[in-house]
Amino acid sequence: MNVSPVLKVKDLTTRFHTSYGTITAVDGVSFTVGRGETLGLVGESGSGKSVTAMSILRLVSNPGRIESGSVELNGTELLSLDEEGMRRRRGTEAGLVFQNPMTALNPVFTVGWQMREALKAHGRGQAGAQVIHKALSDVGMPDPERQAASFPHQMSGGMRQRVVIALAMLNEPQLLIADEPTTALDVTIQAQVLDLMKKLTHDHGTALLLITHNMGVIAKMCDRVAVMYAGEIVEEAPVGQLFADSRHPYTWGLLRSIPRADHPRGQLPTLPGSPPDMSALPTGCRFRDRCALAQERCKTHPSLLAVAPGHLTRCWVTQDGVTLGASERPSVENARKLEQHAHGR
Ligand SMILES: Nc1ncnc2c1ncn2[C@@H]1O[C@H](COP(=O)(O)OP(=O)(O)O)[C@@H](O)[C@H]1O
Ligand SMILES: [Mg+2]
């Protein structure tokens, strides 16, 4: 069976032209997300994850510019739509959830009013109040009628994020993009909101692009993972494969930083050094200054090549078969369990 993906991003490049130089925030990024599939996009702060999300929905504004590439949503090229066509697709075909729920909510209107506006904007103005109440009940709001009459500031952060998810899912989009959706929430609430997103996207067959810097969230939520470093994808694999046989030294750093039940508590290893200056990228492998395996050949920029079906890496050394020692690898099951019990930490 060869089903075409809901989202197909190809060679996407977005730059910011600033007075202090040109920043290539997203540099030739390609990936797909299928129906009902969750793709995780993981990497340190500043690696280009949010700009990737904003580029897909064409929300990048001056001084940023999408310079090249293709973004297909259900077979439609988004980068060549006019602004009106794009506006119609946001919300109807692609929902968006940000880290801070208040960026998506208007403080001066009730939750119910905002949901009705979202229905109207997509030609569903006739829908009755019960549609709104059901959407709120689906995201676990205990008293939907009362919540619909509330203002965002009368709710807790977790409840607000549930409202944002209800809004994003209201018009049943085929694609949901969630950018660090739980980072701003308490750990106890984080697990609940992730469980909720998992259930909703599963029930509706929604393609989910989930952006996070947390490998535990990746283990718990994702089918496949794309690892970003300095604007590029450096590794992509099914989640089990990434944990069992990662082939990029940067991913190894992320894996080593996961808290482990079988290791004494204490300081987690962190990657030495810092990511490169995005306005003055080094030649060759962008990770080479921080990499214990760096060699002469790493002065040539590595291509993203397959090491197994569905498993790609941008590393000359590991493409030859070098892998992370078993004792240093957290198992995906443990990472998942830890994330499940995050409130116990
Ligand atoms: N409005 C902007 N103007 C200039 N540079 C920006 C702007 N937004 C993002 N960038 C740069 O783009 C790069 C990627 O940022 P971002 O996608 O937000 O990273 P992440 O989400 O992975 O933390 C960073 O170097 C950041 O400084
Ligand atoms: Mg971000």
Segment Thr183-Glu117, length gained on full extension (0.36 nm per residue, minus Cα span):
21.0 nm
So if I restrict to the alpha-carbon atoms in the chain, what is the Rg, and what is Dmax, the biggest pairwise distance, in Å?
20.6, 66
Helix 111-121 sits at what angle to the longest principal axis of the chain, using alpha carbons and giving 0 to 90 degrees rounded to 10?
80
Using the C-alpha atoms of region 30-143, what convex hull volume per residue, in cubic angstrom, is computed?
165
Explain nothing, just the number: dipole magnitude of region 1-86 about its Cα centre with +1 on each Lys and Arg Cβ and -1 on each Asp and Glu Cβ, in debye rounded to the nearest 20.
160
Using the alpha carbons of region 7-213, what is the convex hull volume per residue in cubic angstrom, as a whole number?
126
Loop chymotrypsin sites (Phe, Trp or Tyr not before Pro), region 94-154 (other Cβ atoms within 10 Å of the site Cβ: 15 or fewer; DSSP)
Phe109
Scoring only Lys, Arg, Asp and Glu (+1, +1, -1, -1) among other residues with Cβ under 12 Å from the Cβ of Asp203 yields 0
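Beyond 23 Å between alpha-carbons counts as too far, so tell me which of Lys10/Lys49; Lys49/Lys198; Lys10/Lys220; Lys8/Lys337; Lys49/Lys134 fall in that bin.
Checking Cα-Cα distances, Lys10/Lys220; Lys8/Lys337; Lys49/Lys134 exceed 23 Å.
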Proximal charge balance of Ala104 [Cβ under 14 Å; K/R count +1, D/E count -1]:
0
Relative intensity, log₁₀ I(q)/I(0), of region 102-176 from a Debye sum that treats every alpha carbon as a point, q = 0.12, 0.22 Å⁻¹
-0.27, -0.96
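FYI, it's all coordinate maths here, none of it is from the lab. None of the values given here were measured: they were computed from a predicted structure. Note that we place each Cβ from the backbone using ideal geometry, even for glycine, and neighbour counts take in every protein chain shown.
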